[in-house]
Amino acid sequence: MKSFLAFLVAMGITVTLGDAYCWTKTHKPGEAKDGCMISGKLYPFGQIERTEDCFACSCSEDRLACCSLFHTPVAYDKKQCKVVFNKKHCDYDVVQKDNPSQLCFVYSRVG
């Protein structure tokens, strides 16, 4: 029984950490003739591996569906550390406030 409970807890943590923030936009007829507009940039129909805003998307004439490539840190030392978005890596860095070249330990993230 203890093994089964440990398995459930481990799976719950894995599923929570694996979630990404996702959204969908349904296009009106004729709205997406040439592709999908995301943050002022036109992307072609099909799979978009990475937008400039760090989303992975699927673009069609009917809809646009995107999921974040980043996970927001929620459990870290908030007194000594701060969160900085790293657009190159599409993720958040958690660094020391007094020495931003030093990374802080992050206990958990959400998507």
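No value in this document is a laboratory result; all are computed from the given coordinates. Keep in mind it's a predicted model, so treat the numbers as computed, not measured. For neighbour counting, all protein chains shown are included, and Cβ atoms are generated from backbone atoms with ideal geometry for every residue, glycine included.
Assorted remarks:
- In order along the stretch 24-35, the phi-based Karplus estimate (6.51 cos²θ - 1.76 cosθ + 1.60, θ = phi - 60°) of 3J(HN,Hα) comes to 9, 10, 8, 7, 6, x, x, 5, 10, 7, 10, x Hz; Gly and Pro are listed as x.
- For the stretch 15-111, the spread of Cα positions along the three principal axes, ordered from largest to smallest, is 52, 27, 17 Å.
- Sequentially through the stretch 71-87, phi angles give Karplus couplings (6.51, -1.76, 1.60; θ = phi - 60°) of 10, 7, x, 10, 10, 7, 6, 5, 6, 10, 10, 9, 9, 10, 7, 9, 5 Hz, Gly and Pro residues having no value and appearing as x.
- Here residue 87 is the anchor, and the lysines within straight C-alpha reach of less than 26 Å, apart from those fewer than 8 places off in the same chain, are 25, 41, 78, 79, 97.
- Residues of the stretch 60-91 with amide N under 20 Å of a point placed 7 Å along Cα→Cβ from residue 42: 60-65
- Inter-label distance, nm, simple model (7 Å from Cα along the C-beta direction), residue 27/residue 74: 3.4 nm
- Translational diffusion of the stretch 37-88 was estimated from the Stokes-Einstein equation, with Rh taken as the Kirkwood radius over Cα pairs; at 4 °C and 1.567 mPa s the coefficient is 100 µm²/s.
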